[in-house]
Amino acid sequence: EDYQFDVDTAIHVCRQAGFYDQALYLADKFAKTDVYLKLKIEDQGDVAAALEYMHRLDDADVSAYLARFGRTCLSALPRETTALLVDVCIKGMDARAAAADDSSHSAAAAAAAAAPSISMRRIQHLFADQPAWLAAFLEQVIARRWQRQGESGEPSAAEDADEKAAWNTLLELYLSGVESPLHDSPRAGRPTPKERALKLLCDPHTRIDWDRAYILCASSGFTEGVAALYEQRGDNAALLGLYIEHDNLPGMRELLDEHGEAQPELYTRALHYLARSPQLVGSEELLAECLATIERRGLMSPLRVLQALGGSDQSGVTLGMVRGYIMRQVGATTRRIEDNRRAIAASTAEHAAHSAKMEALRTKPIVFQSNKCTSCMTLLDLPSVHFLCKHSYHERCLGDVADRCPRCQPENQRLEDQRRAQEATARQHDAFFDKLRRADDGFDVVASWFAKSPFAFAKLVDQ
């Protein structure tokens, strides 16, 4: 106990002479941790003892020594070193989170926040030649830290960056075909790295950077991953383009069933594609389904459908493929024409009758032959009021309203309100052009607006 020598010199001399046990004894006795780990790892190659020794140290010291000796330890004992790295990282994150949540800002909390700990992003270089164990490390940290139940509170900027880096790196490892050695299940029933990557992309709780994930999936040819990313963003047009590029008819069918009604332009692209690719197995069935859905929901006019099917020189659609659709549309159009003709004939007759009545009111005398009051149905006596609609009333039955026929007033008021609404519509140019842009059949919109006379500028004259 009473020594008269320099400890560092004594350890150095023992180490140079090969007396490692004596050097380890002195390093342990006088807390020369750095020297002790050097002797164990570099001189004796006893990595297991060095890791066991690290377990007894403070987390801050362990972080520093793992950053220094971690790569050597991983090369010798990857499983045990990975487990120690996971424990230290989790403890460091928990300490920082607890310090951030401590509203009292006690000395212990400040010390915990200031204590150095291993950062997720700063230790990945230790796994430079151990990608499989890096995947195992990331999986364990994510499972223990960011997939806990009941985790609450806003993460700090450092932890948020660590989490995103962990998810992104794990995705990149999966897409590279790397698999964790900790998966002990039989290979036949074990998910492949690509399946694990797809599960990450489809999980709404992962914090993966979309742009980076897209570049990784596209560069590695992972079509399922690119589709999952498009679905996350709701970019159905890009998703349909991906299905078209890879001739994925089942994916196209599912996409059209789910989003075709809200985005009818998807059917237009699908029809163009099917017109160019009639040789694909199942394309004729999908074409028939598309046409039936468009017809049932009224998503596109027949003219737009025919243009989509035959508007290209590369179209391979035959008449037999669309014969049923064309016949149904021709029949429906014929019936609509006949209905319009009958409506035109009825309107023409009604117009002629009203014109004749107006001409008679202007040029011929009106004979009032009614001898009963239209209101009380008793014999008329003076004073009485006769209207041009041939309704007659006692003056006392009219009350204060003596200038309008009570019987015809509701219908006249309805026509007057309709006319005023048409006058107001004539000034709503933006509404007309907006409806014209959104309509499949622009001529139908113009014809319907002309039928309501919105462009007439005749004004009602109050009596």
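The values are calculated or read from the model by the stated rules, or taken from the named source; none is laboratory data. Since this is a predicted model, take the numbers as computed values, not measurements. A quick note on method: Cβ atoms are made from the backbone with ideal geometry, for glycine too, and the neighbour counts reach across all protein chains shown. Accessible surface areas use protein heavy atoms only, side chains included; no ligands, DNA or RNA. Shrake-Rupley method; radii C 1.70, N 1.55, O 1.52, S 1.80 Å.
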For 377, 300, 321, give the ranking by accessible area with the largest first, probe 1.4 Å.
377, 321, 300
Tabulate in residue order the Karplus-calculated ³J(HN,Hα) for region 12-29, using 6.51 cos²θ - 1.76 cosθ + 1.60 with θ = phi - 60°, rounded to whole Hz; enter x for Gly and Pro.
4, 5, 4, 5, 5, 7, x, 8, 5, 5, 5, 5, 5, 4, 5, 5, 6, 5
Measuring from a point 7 Å past the Cα of residue 438 along Cα-to-C-beta, which residues in region 250-280 have an amide N at less than 18 Å?
260-266
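Shape verdict for region 350-430, please, from the Cα gyration tensor: rounded (a/c under 1.5), prolate (a/b greater than b/c) or oblate. Don't skip to the end; give the middle numbers.
Numbers: a/c = 3.43, a/b = 1.71, b/c = 2.01.
Note, shape of region 350-430 comes out oblate.
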Leaving out ligands, DNA and RNA but keeping every protein chain, what accessible area does residue 87 have, in Å² rounded to the nearest 10, with a 1.4 Å probe?
50
The extension gain from residue 356 to residue 344, computed as 0.36 nm times the residue separation minus the Cα-Cα distance, is 2.5 nm
Which residues does the label zone of residue 277 cover in region 220-255, counting backbone N under 16 Å from a point 7 Å along Cα→Cβ?
223-224, 227, 237-255
Distance in nm between pseudo-label sites at residue 43 and residue 124 (7 Å out along the Cβ direction from Cα):
3.7
Taking a ≥ b ≥ c as the square roots of the eigenvalues of the Cα gyration tensor, with a/c under 1.5 meaning rounded and otherwise prolate when a/b exceeds b/c and oblate if not, region 263-412 is prolate
Using the Cα atoms of region 232-347 to build a convex hull, what is its mean projected area in square nanometres?
8.5
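Provide the FRET efficiency to the nearest 0.05 for the residue 79-residue 161 pair, computing r from the beta carbons and using R0 = 35 Å. Don't skip to the answer; put the middle values down first.
Numbers: r = 28 Å, r/R0 = 0.79.
Once rounded, the FRET efficiency stands at 0.80.
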For region 378-447, listing trypsin sites (Lys or Arg not before Pro) in a DSSP loop whose Cβ sees at most 15 other Cβ atoms within 10 Å gives 390, 404, 407, 427
Please say if region 349-393 is rounded, prolate or oblate, where rounded means a/c under 1.5 for a ≥ b ≥ c the square roots of the C-alpha gyration tensor eigenvalues, and otherwise the choice is prolate for a/b larger than b/c and oblate otherwise?
prolate
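At a 1.4 Å probe, what is the % contribution of carbon and sulfur to the accessible area of region 24-83?
Looking at region 24-83 in its full context, I get 45 percent from C and S.
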Along region 323-336, what does the Karplus equation 6.51 cos²θ - 1.76 cosθ + 1.60 (θ = phi - 60°) give for ³J(HN,Hα), rounded to whole Hz, x for Gly and Pro?
4, x, 4, 5, 4, 5, 5, 5, x, 5, 5, 4, 5, 5
Rounded to one decimal in nm, the spacing of the 7 Å Cα→Cβ label points at residue 446 and residue 91 is 8.1
Ranked highest first by the average count of other Cβ atoms within 10 Å around their residues, in what order do 61-70, 132-141, 75-84, 348-357 fall?
132-141, 61-70, 75-84, 348-357
Averaged per residue, the 1.4 Å probe accessible area of region 268-412, protein heavy atoms only, in Å², is roughly 68
Theoretical gain in end-to-end length, residue 195 to residue 20 [0.36 nm per residue, Cα-Cα removed]
58.0 nm
Calculate, for residue 285 and residue 237, the FRET efficiency according to 1/(1 + (r/R0)^6) with r their C-beta to C-beta distance and R0 25 Å; round to the nearest 0.05.
0.60
